[in-house]
Amino acid sequence: MIGISACLGGICCRYDGQAKEIPALKKLVENGQAMLVCPEVLGGLPIPRDPAEIIGGDGFDVWNDQAKVITNTGEDMTDMFKQGAVTAYQKLVEYNITTIILKENSPSCGSNGIYDGTFSGNRRKGPGVATAYFISKGLNVVSQSDWQTLIGCEK
């Protein structure tokens, strides 16, 4: 069994209340081959919610208290993002999941890149908060861009 970002599995849990469904990934869940998690929702964030970006670095910097997750209205959501990552990880471990496919560019789940903290649409390299935590715990993290190589099926 693998883990998948809930929005990729068709759950409307993104900040804007939308999903980013990939039908083949949703089918894995329906067939009992995958489990969905949304670290942001597990951290207590509502749907919808204000957009948030990491200010001052990436997810690893957040865990090292060198960066924060801030909404476009200036609210500090760092603790909720951290709690969501920990809770999601605990859920994955409970189901013996060692690999997870995550939504790129998210302040939680981005693996190759995240938005740069200026709310301008610009991106930077680096992981989100949950991804950094998962990596530090030894999980195999796969971007939504690379999931086909993991499970050998088409987009």
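Throughout, read-outs are computed from the coordinates displayed, never taken from laboratory work. What you see is a predicted model; the values in this text were computed from it and never measured. Note that we place each Cβ from the backbone using ideal geometry, even for glycine, and neighbour counts take in every protein chain shown.
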remark   = To the nearest 0.05, the calculated FRET efficiency linking residue 75 and residue 31 through their beta-carbon distance, R0 being 30 Å, is 0.15
request  = Could you tell me the number of lysine pairs in region 3-132 with C-alpha atoms less than 28 Å from each other, where the two lysines are 8 or more residues apart or belong to different chains?
outcome  = 21
ask   = Quick one: if you stick a label point 7 Å off each Cα along the C-beta vector at residue 150 and residue 118, how many nm between them?
value = 3.1
key: Order of 95, 133 - criterion: other Cβ atoms within 10 Å of each residue's Cβ, fewest first   = 95, 133
query = Fully extended, how many nm does the chain gain between residue 66 and residue 90 (0.36 nm per residue separation, minus their Cα-Cα distance)?
reply = 6.2 nm
inquiry  = Given the -39500 (n - 2.57) contribution per DSSP H run of 4+ residues, what per-residue ellipticity at 222 nm results for the chain, rounded to the nearest 500 deg cm²/dmol?
reply    = -8000 deg cm²/dmol
ask   = What FRET efficiency would be calculated for the residue pair residue 137, residue 47, taking the C-beta separation as r and a Förster radius of 35 Å, to the nearest 0.05?
value = 0.85
query = If you stretched the chain out fully between residue 83 and residue 21, how much longer would it get, using 0.36 nm times the residue separation minus the C-alpha to C-alpha distance?
reply = 19.9 nm
inquiry  = Placing +1 on the Cβ of each Lys and Arg and -1 on the Cβ of each Asp and Glu in region 74-138, which of 78, 89, 102 has its Cα farthest towards the positive end of the resulting dipole?
reply    = 102
ask   = Across the Cα atoms of region 2-151, what radius of gyration and what greatest pairwise Cα-Cα distance (Dmax) are found, in Å?
value = 14.0, 41
task = Towards the positive end of the charge dipole of the chain, with charges on Cβ (+1 Lys, Arg; -1 Asp, Glu), say which of 9, 149, 133 has the farthest Cα.
result = 149
